[in-house]
Amino acid sequence: MSDPRPSEQTAPDEPTAHVMSPAKRRFLDRAASSPTVIGEGSVFVGNLAGLGPFVVSGEVHGDGDLAGDLHLAAGAGWRGNVRARRAIVAGHILGSLHVADKLEIGHTAVIRGSVSARQIAIAKGAIVDGDIVVTSGDPVTEFLEKRGG
């Protein structure tokens with residue numbers, strides 16, 4: 001007697017599924033863990049440290065030592081020195097910004113202090129009032145912002 005359940009084996013002439021490569025996305029779009037969020041209208045006073053990712057839409061008054069990623073949204077502000085693994089900055093920073101890996105500075109960003117990162121991309125219209133150091137030795141990449149800040 002034959003088994004009435006469908007077979008779980010694949011027939012040899014069936015086409016194989018193709019895995020599509022993921023679309024290029026900003027690194028924060030791919031964050032695996034839940035972010036720490038400082039919302040619009042919120043003000044955090046004091047030094048901030050953690051694993052990240054961090055999404056700041058409000059204000060931070062203090063230094064940041066972030067082992068993870070930072071997204072400083074348009075309209076957000078940070079007064080203090082910031083260290084992060086990777087960062088996208090669309091807001092304002094009054095202090096130095098040191099990023100271990102990739103830094104993207106959006107067209108709405110204003111940074112008044114020194115900036116360093118392994119790779120730096122700056123949108124046309126961004127303001128950086130301070131030294132810019134690319135630790136890899138690569139040139140700074142300029143781009144035209146196509147997304148909102």
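Laboratory data are not the source of any read-out in this text; all were calculated from the coordinates shown. Keep in mind the model is a prediction, meaning the values are calculated, not measured. FYI the Cβ positions are ideal-geometry reconstructions off the backbone, even for glycines, and counts take in every protein chain you see.
Quick notes
- Selection status of Ser57, in contact with a Gly (Cβ under 6 Å, 6 or more places away or on another chain) and under 26 Å from Ser136 (Cα atoms): no
- Listed by first and then second residue, the pairs with beta-carbon distance under 7 Å, at least 6 apart or on different chains, first residue in segment 99-118 and farther than 17 Å from Thr141 by Cβ, second outside any loop (DSSP other than H, G, I, E, B) and not β-branched (Val, Ile, Thr), are Val110/His92; Arg112/Leu94; Gly113/Leu94; Gly113/Leu97.
- All positions within segment 61-90 that are part of a strand (DSSP E or B) and in contact (Cβ under 8 Å) with a residue 60 or more places away in the chain: Ile88
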